[in-house]
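Since the structure comes first, as structure tokens, the remarks are kept for the end.
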Amino acid sequence: MKDGPEQKVKQYCVKIRKEIQHWKDINQNGCNDPFWSDGCNMNLTRNHIIYAQEQVRKICEENQIPLPEEYYLAVPPEVDMNYMANLKQKERVAQIFYGGYVPVRKKYYYDEQQMSLF
């Protein structure tokens, strides 16, 4: 049995909240990806949020369903691709930045309650 539009919207809403939490966790603690920087993973997660919000908008418009709260949650900021949240992971940092790039140390601020205009 196929999920109805309301069920699809609910699934995307859950995904949006999970991805936002994942972005925050990477920003706070870093991740364990041995090949890609935290910034790269954070931007990928950000793209997942944007995609899910766009799917919610499309489904709601097509089915005259009110937009849920998750649609209006602010998208986390795009971060520097060389950002590393946890420089204590020395082997990981050395492997990712073997080409001589310098990891970015700046912490990023994100307020999910800040309404987005886009």
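We did not get these values from a lab; they are worked out from the coordinates using the rules stated. Keep in mind the model is a prediction, meaning the values are calculated, not measured. Heads up, the Cβs are rebuilt from the backbone with ideal geometry, glycines too, and the neighbour counts pull from every protein chain shown.
Quick notes
- Amide hydrogen neighbours beyond the local backbone of Y83, cut-off 5 Å, H modeled: G39, C40, V104
- Remark: relative contact order (the stretch 5-96) = 42 percent; criterion is Cα-Cα distance under 8 angstrom and separation of 6 or more residues.
- Charge tally around I26: other residues with Cβ under 11 Å, Lys/Arg +1 each, Asp/Glu -1 each, net -2.
- As a rough guide to protection, the peptides 36-47, 71-82, 2-13 ranked by mean Cβ packing within 10 Å, highest first, stand as 36-47, 71-82, 2-13.
- Helix 38-63 axis, angle to the chain major axis (alpha carbon atoms, nearest 10°): 10 degrees
- With contributions of -39500 (n - 2.57) from each DSSP H run of at least four residues, the per-residue ellipticity at 222 nm computed over the chain stands at -17500 deg cm²/dmol.
- 0 to 90° range, to nearest 10: angle between helix 5-29 axis and the chain longest Cα axis: 20 degrees
- Counting only residues at least eight positions apart within a chain, or on another chain, the aspartates and glutamates with an alpha carbon under 17 Å from that of K88 are D25, D33, D38.
- Ellipsoid fit via the Cα gyration tensor, the chain: semi-axes of 33, 14, 10 Å, each the root of five times an eigenvalue, largest first.
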